[in-house]
1. Can you tell me which of Y151, Y181, Y147 is under 30 Å from V103 (Cβ atoms), surrounded by fewer than 24 Cβ atoms within 10 Å (Cβ to Cβ) and either of a type in the set (S, T, Y) or without any contact (Cβ under 8 Å) to a residue 40 or more places away in the chain (or both)?
2. Among the residues of region 297-316, which ones are in contact with a Ser or Thr (Cβ under 9 Å, 6 or more places away or on another chain) and either charged (D, E, K, R) or assigned to a helix (DSSP H, G or I) (or both)?
3. Scan region 185-216 for residues that are under 19 Å from K244 (Cβ atoms) and in a helix (DSSP H, G or I) and jot them down.
4. Testing I106 on (1) buried (at least 23 other Cβ atoms within 10 Å of the Cβ); (2) within 14 Å of P311 (Cβ to Cβ); (3) in contact with a strand residue (DSSP E or B) (Cβ under 9 Å, 6 or more places away or on another chain), one condition comes back false. Which one is that?
5. Could you please find all residues in region 143-184 being over 25 Å from D358 (Cβ atoms), polar (S, T, N, Q) and either touching a Lys or Arg at 6+ places or on another chain (Cβ under 8 Å) or not in a helix (DSSP H, G or I) (or both)?
6. How many residues are charged (D, E, K, R), closer than 30 Å to Q185 by Cα and surrounded by fewer than 15 Cβ atoms within 10 Å (Cβ to Cβ) if we restrict to region 64-94?
7. Looking at I79, I98, I127 in this structure, which one is under 27 Å from Q298 (Cα atoms), in the same structural domain as T306 (by TED's automatic domain parsing) and touching a residue at least 40 places away in the same chain (Cβ under 8 Å)?
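The values are calculated or read from the model by the stated rules, or taken from the named source; none is laboratory data. Every value quoted in this text rests on a predicted model; they were computed, and no experiment measured them. Methodologically, a virtual Cβ is constructed for each residue, glycine included, from the backbone with ideal geometry; neighbour enumeration extends over all protein chains shown.
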Amino acid sequence: MNTNGIWRSAISLAAGSVLLAAGAAQAAGNADGSVKIGVMGDMSGVYSTGFSGNGAVAAVKMAVKDFGGEVLGKPIEVISADHQNKADIASAKSREWIDRENVDLIMDLTNSAVGLAVQQLASAKGIITINTGSATSELTGKACTPYGIHYGYDTHALPVGTATAIVKNGGKKWFFITADYAFGQALEANTSDVVKELGGSVVGSVRAPLNTNDFSSYLLQAQGSGAQVIGLANAGTDTINSVKQANEFGIVAGGQQLAGMLVLLSDIESLGLDTAAGLQFTSGWYWDGDDASRKWTQRYYDNGGTTPTFPHAALYSGTMAYLNAVKAAGTDESDAVRKAIGNKPIDDFFAKGGEIRDDGLLVHDMYLLKAKEPSESKSRWDLVTLERTIPGDQAYPSLADSGCAAVQ
């Protein structure tokens, strides 16, 4: 893989792009021999429990501790900030981190609007980002950058498992309740493509603002649409609220099926199996999938972790991959590190047989899960069954189909 050569060729061809040109001009980033990692996340809002928050910081710090606490002969530093789900706040803080605090890597970036904004800003300054919370496939598609890495899942992979299973089981007529920003729109579009490719149809959709408390009007539209399946193209407390209220309205009892397009184990625990039983969803990792995952989960608890969700596991894995790349490169210079992280397979408890491609996408297996009946659960986190493993080359588009202009 000649990542740098590919990107430099693309940048020279796209001379009109000031942003990419700036990225090429400052390719070294903060190469001072000392590694500082910034965790930019939602520490207090709709995504703070399962995607981001204290659990995200704990995962990164655990990885640093397991790595030995230092690299290139100097201690590794971890800092964090709350972007409040606002792209302007995230961009301002990231600029401060890069310009004044010599941050080498920005991680988490939950919320796709935040992820897109910070990835572009950081790449213009030659800084690597690892998005683990943002979902939009645009990060490695039209908005791809030389230093942007998307690690864990995206809006293309999620419906490959969930929508495919539902449509093949007869749920062919869909209506979407969609979070009204980049993430929700991308998830609705990607899911619609899967539904239509399998012979289904989309009869309508409605957009709901982020952090909506009352979904009644949206659910009533979905209920009256005649759809067999109501696709929830949202996440976090928005998903929890919409599922709870759908059950209160008797929507599921009335014969319509809910499809949670981005659901975490923490959401199932919050909903309770009385409400969530039977809900199918796609995940980038499952804590009880094998011995290695179970052992990591126990250590995560012991190191201050919270719910064993796949974004937190992705943060740990991504941190280790980055630090190993710095060690292999012998420098924290961004071009060298990006080349090193792209040339080495990611094969750990999280991403078995994974690979970070030239477009920045980590391709790895995904998992179709199903919430258990209450009587089937034996412990607090024994909430789902593994229905199907989806190979990475089926879950994600090929490099040629990624939409990333620099690698076409």
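1. Details: Y151 fails: surrounded by fewer than 24 Cβ atoms within 10 Å (Cβ to Cβ); Y147 fails: surrounded by fewer than 24 Cβ atoms within 10 Å (Cβ to Cβ).
Just a single option satisfies the conditions, and that option is Y181.
2. Initial filter on region 297-316 (in contact with a Ser or Thr (Cβ under 9 Å, 6 or more places away or on another chain)): 300, 305-315.
Listed by number, the residues that qualify are Y300, F310, P311, H312, A313, A314, L315.
3. S216
4. The number of the failed condition is (2).
5. Selection gives N169, T178.
6. If we filter region 64-94 for residues that are charged (D, E, K, R), which is where we start, we get 65-66, 70, 74, 77, 82, 86, 88, 93.
Narrowing the set further to residues that are closer than 30 Å to Q185 by Cα leaves 82, 86, 88, 93.
Those still in the list that are surrounded by fewer than 15 Cβ atoms within 10 Å (Cβ to Cβ) too: 88.
Residues flagged as charged (D, E, K, R), closer than 30 Å to Q185 by Cα and surrounded by fewer than 15 Cβ atoms within 10 Å (Cβ to Cβ) within region 64-94 amount to 1.
7. On the way: I98 fails: under 27 Å from Q298 (Cα atoms); I127 fails: under 27 Å from Q298 (Cα atoms).
None of the other options fit; the residue is I79.
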